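What follows is a short report on a single structure.
Every read-out reported here was derived from the displayed coordinates using simple, explicitly stated rules and does not represent laboratory data. Everything numeric in this text was worked out from a predicted model, so none of it was measured. Cβ: placed from backbone, ideal geometry, glycine included. Neighbour counts: every protein chain shown.
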Amino acid sequence: MELSAKATEIYRQVAGEATKLGDLRKIAKEIKKNHQLGLELWSTGNYFARQLAVLLFDPKLLSPDAVDKLVSDMRDHPMDERLQLIDWLMANQLSKNKNAIALMQSWQNDPEALKRRTFWYYEARLRWVGQKPPSNTEDLLLSISEKIETEVPEVQWAMNFTAAQIGIFQPEYRDRCIKLGERVGLYKDEVVPRGCTPSYLPQHIAVQVAKLKK
């Protein structure tokens, strides 16, 4: 896609390695929604330009085919960038439109790992945002128990995170989530920087529950 003068100007601002997420949010706030400009920036393939593009998209214009194209394009990035882009898309676009939410909720068993990750990450998000948890917790925990050990790492993380949020915000399932973590042992030996919360379910749940009680 040939860039317009506006897109070229913005691309030159954000394409450098020193770009920060705060810079992108500031630019997006000034521009507001501009779907066409977002598509132009996305077409560059640049990581930071694509992060900005996500902020500029109009969620009403993100059809299932358009979302498929975005997810496919993300495969061109290294894993850490790929995960940031899909999580950024979920938080800033897909979670804000009822049609996109329905689309994400259909991705539990999708062949594409990034979509499965998004399904689980969105379910986790529903628990921590403070609203009444959905009624599918029992089914989610059953699926996590059966599948987490054989999933790819990026989906494992999201499934584990969902179990953690269930254990934190739904006390009636807390012991079950802790026992799940003990049985699977995922992230048990993980070394985390000081001040960071371990991903190992028993520790993660204990730390976050203690914070909520303060």
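This model, with +1 at the C-beta of Lys and Arg and -1 at the C-beta of Asp and Glu, gives the stretch 135-214 a dipole about its Cα centre of some 520 debye.
May I ask you to compute the full-extension gain from ARG25 to LYS98, defined as 0.36 nm times their residue separation minus their alpha-carbon distance, rounded to one decimal in nm? Write out the running numbers ahead of the final one.
Working: separation 73, 0.36 × 73 = 26.28 nm, distance 2.35 nm.
Length difference between fully extended and current span is 23.9 nm.
When the chain is described by a simple charge dipole with +1 on each Lys and Arg Cβ and -1 on each Asp and Glu Cβ, the residue from SER72, ASN46, GLN36 located farthest towards its positive end is GLN36.
Working ranking of peptides 92-101, 199-208 by packing, defined as the average number of other Cβ atoms within 10 Å per residue, highest first, is 199-208, 92-101. Of all lysines in the structure, the ones whose alpha carbon falls short of 16 Å from that of LYS60, not counting any fewer than 8 places away in one chain, are LYS32, LYS33, LYS69, LYS96, LYS98. When ILE27, ILE168 are arranged by Cβ crowding within 10 Å, least crowded first, meaning fewest neighbours, the order is ILE27, ILE168. Where the centroid of each part is defined by its Cα atoms, how far is the stretch 30-53 from the stretch 139-214 in Å? Going from one Cα centre to the other spans 35 Å. Put in order of Cβ neighbour count within 10 Å, fewest first, the listed residues THR197, THR137, THR162 become THR197, THR137, THR162. About its Cα centre, the dipole of the chain is roughly 1000 debye, where the only charges are +1 on Lys and Arg Cβ and -1 on Asp and Glu Cβ. Each pair of Cα atoms in the chain enters the Kirkwood radius, and Stokes-Einstein at 4 °C and 1.567 mPa s then converts it into a translational diffusion coefficient of 70 µm²/s.
What is the diffusion coefficient of the stretch 135-214 in µm²/s, taking the Kirkwood radius over Cα pairs and the Stokes-Einstein relation at 10 °C with a viscosity of 1.306 mPa s? Write down the numbers at each step before the final one.
Working: Rh = 12.7 Å.
Translational D for this selection: 125 µm²/s.
Relative to the current alpha-carbon distance between LYS211 and ASN136, full extension at 0.36 nm per residue lengthens the span by 24.4 nm.
Principal-axis analysis of the Cα atoms of the chain puts helix 64-74 at an angle of about 90° to the longest axis. Once the gyration tensor of the Cα atoms in the stretch 1-105 is diagonalised, the equivalent ellipsoid follows with semi-axes of 21, 15, 13 Å, ordered largest first.
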